[in-house]
Amino acid sequence: MNAPHEISAAVAPEVALRPLCETLPTDDSAPAFLFDCNVIPANPQRIEGIVAPERGQDALRQLLLAGAQRVYIGEAALLDGSLVEALAAEFGAERIGLYLPLQRMQVSWSMDAVSNADFRVMTPSVCEPCWEILRADGTRSGTHAAWWIGEMFKRGASSALLRVDMTDDADLNILAGLSERWGERLWLAPLADPAPDFAAWVELGGVRRIAASEGLLQSDPYLAALASGPDFGLPNEGTG
């Protein structure tokens, strides 16, 4: 059986890889996700999207007017869902994305004495494991991620960059469900894990679009194998 970083060309899935950067890479490889630094590079083709965790509507409009091919909106969309709809109507849905740091939603329990008068039962706040969206400062919002992504896609967002760490099989099951539902509209990136199991992301979670730091792209054996294969990594793929 192959080691995790030895990928057979016969069975390897096509996985797009993108750097997730504070500053643009010096080489001319795949387009990068660039965290907002209020600067649009001279060559917009080098940008998969500008990631703007805390920018409001006026600043987001300025980025789009300045030539950003796509902006990934963070907390501003969480606070005001109409923002996505307004920007998509003005600039086109293909230029509007979502930036979502995520974490497993905590489960709380309450006594249910209404649904059955003869019994009192403890009911959970969520019936199955799910992710919730984190605010820009890392605190929990209590917003169910899958539901909210679906609502924002209905309002005009074309894609989403999800940052989340896989802690157990339940997380991989959540990921697989999102991948099955939205496929290539989702980019996945680690949140804080310094050594994610990218093979599990792809093979069990169904991920086909990965963003990661330049360091991980260069040092992780699985990502390196994907990028070096004859058809993998899709370095010349257009934005999507």
Listed by chain and number, the residues whose amide H is under 5 Å from that of L98, excluding neighbours fewer than 5 places away on the same chain and using placed H, are I73, S159, A160, L161
Can you work out the Karplus-derived ³J(HN,Hα) for every residue in the stretch 48-61? Use 6.51 cos²θ - 1.76 cosθ + 1.60 with θ = phi - 60°, whole Hz, and x for glycine or proline. 5, x, 8, 8, 10, x, 10, 5, x, 4, 4, 5, 5, 4
Across the stretch 64-71, in residue order, what do the Karplus-derived ³J(HN,Hα) couplings come to in whole Hz, using 6.51 cos²θ - 1.76 cosθ + 1.60 with θ = phi - 60° and x for Gly and Pro? 5, 5, 7, x, 4, 5, 7, 10
³J(HN,Hα) computed for each position of the stretch 140-151 - Karplus, 6.51 cos²θ - 1.76 cosθ + 1.60, integer Hz, glycine/proline x: 6, 9, x, 8, 5, 5, 4, 4, 5, 4, x, 5
Using amide H atoms built 1.01 Å from N in the peptide plane, name the residues 5+ places from L188, or on other chains, whose amide H lies under 5 Å from its own. L162, R209, I210, A211
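Quick note: the coordinates plus some simple rules give every number you see, no bench work behind them. Because the structure is a prediction, the values reported are computed rather than measured.
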